[in-house]
Amino acid sequence: EVPFQTVPSGAGNDPGWGWDLRRLLVRTGISANGLKVLHLDLAAPPTAIAPQVQTAADAIANDAGAAVELAPWRSVLKLNGNEIATPTLHLLDDPSDTWSHDIDRYAAGPFVAPTWDAPRLQDKGPLMASLIQEGRIGQSRLAAEWRVYAGETWVELILDVFWAERFKVLKFVLPAGGARKRIDGTPGMALVRANDGKERPLQDYTQLGTMGVVCPDVFALDGTPDRVRLTL
């Protein structure tokens, strides 16, 4: 028997509807290039799972030291028990052309920061907990879902941006902790780069000291010793 948790469907439906309109979150392992077949047996209820995540109105955490707190007076991530300032978004003017000729970086500011509504709890275990927060930046709407998973030392962010800007660029800003260099994923290899403020192409991930960011939907970034900005 494989532990699982039901999660909301991508489309709206009544929770009382059949299994064909629900989604399952399964905790299992599949080897590289491997295959695993799971059979859904409706003959008996599943064995109860001991909760491995904790929830509150504005905070989620797991048993591995990963947590998200979105309280109005304090907003932080915790990885391996260490606190990290919550990432933010910066909306900046983009006066360049399609290919950004004659510039090698975006300005540090001025920028517009997002405004967020109060978070609300969506999933509450036993294998995963999530908080959803909606907001705005400029003319664009935002929806951010933060997740922690049982036994995992990382936090997941699913970010939707309903883009309605002209001549702007949106940056996802992370603290760099004073790091003068980082390791960026690029096609076929990893590159060590200076945090010198220049915009650089990216594929899949960046490593900032002991903190890594997996970002398959991001293709460029810039960094200084104080912060790294992923280009959304």
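The values are calculated or read from the model by the stated rules, or taken from the named source; none is laboratory data. Keep in mind the model is a prediction, meaning the values are calculated, not measured. Glycine also receives a Cβ, built like all others from the backbone with ideal geometry; neighbour counts cover every protein chain displayed. The protein model used for the area step is the full one, side chains on, heavy atoms only, and it has no ligands, DNA or RNA in it. Shrake-Rupley method; radii C 1.70, N 1.55, O 1.52, S 1.80 Å.
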Of the residues in the range 70-109, those that are open to solvent by 80 Å² or more (accessible area, probe 1.4 Å), in contact with a Lys or Arg (Cβ under 8 Å, 6 or more places away or on another chain) and not in a strand (DSSP E or B) number 1
For the range 159-195 the number of residues that are within 12 Å of SER140 (Cα to Cα), of a type outside the set (A, V, I, L, M) and either in a strand (DSSP E or B) or touching a Cys at 6+ places or on another chain (Cβ under 8 Å) (or both) is 3
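Out of the range 164-176, which residues are more than 14 Å from GLY135 (Cβ to Cβ) and surrounded by 15 or more Cβ atoms within 10 Å (Cβ to Cβ)? Give the steps one after another, and end with the answer.
First, pick out the residues of the range 164-176 that are more than 14 Å from GLY135 (Cβ to Cβ): 165-169, 171, 173-176.
Once the filter is applied, which keeps residues that are more than 14 Å from GLY135 (Cβ to Cβ) and surrounded by 15 or more Cβ atoms within 10 Å (Cβ to Cβ), the range 164-176 yields GLU165, LYS168, VAL169, LYS171, VAL173, LEU174, PRO175, ALA176.
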Checked ASN62, ASN13 against criteria (modelled with pLDDT under 85, out of contact with any His (no Cβ under 8 Å at 6 or more places or on another chain) and surrounded by 11 or more Cβ atoms within 10 Å (Cβ to Cβ)); the one match is ASN13
Those residues of the range 196-229 which are among the β-branched types (Val, Ile, Thr), under 23 Å from ASP93 (Cβ atoms) and assigned to a strand (DSSP E or B) amount to VAL228
Flagged in the range 110-144 as part of a strand (DSSP E or B), open to solvent by 30 Å² or more (accessible area, probe 1.4 Å) and acidic (Asp, Glu), in numbering order, are GLU134
Being among the β-branched types (Val, Ile, Thr) and in contact (Cβ under 8 Å) with a residue 12 or more places away in the chain narrows VAL218, VAL192 down to just VAL218
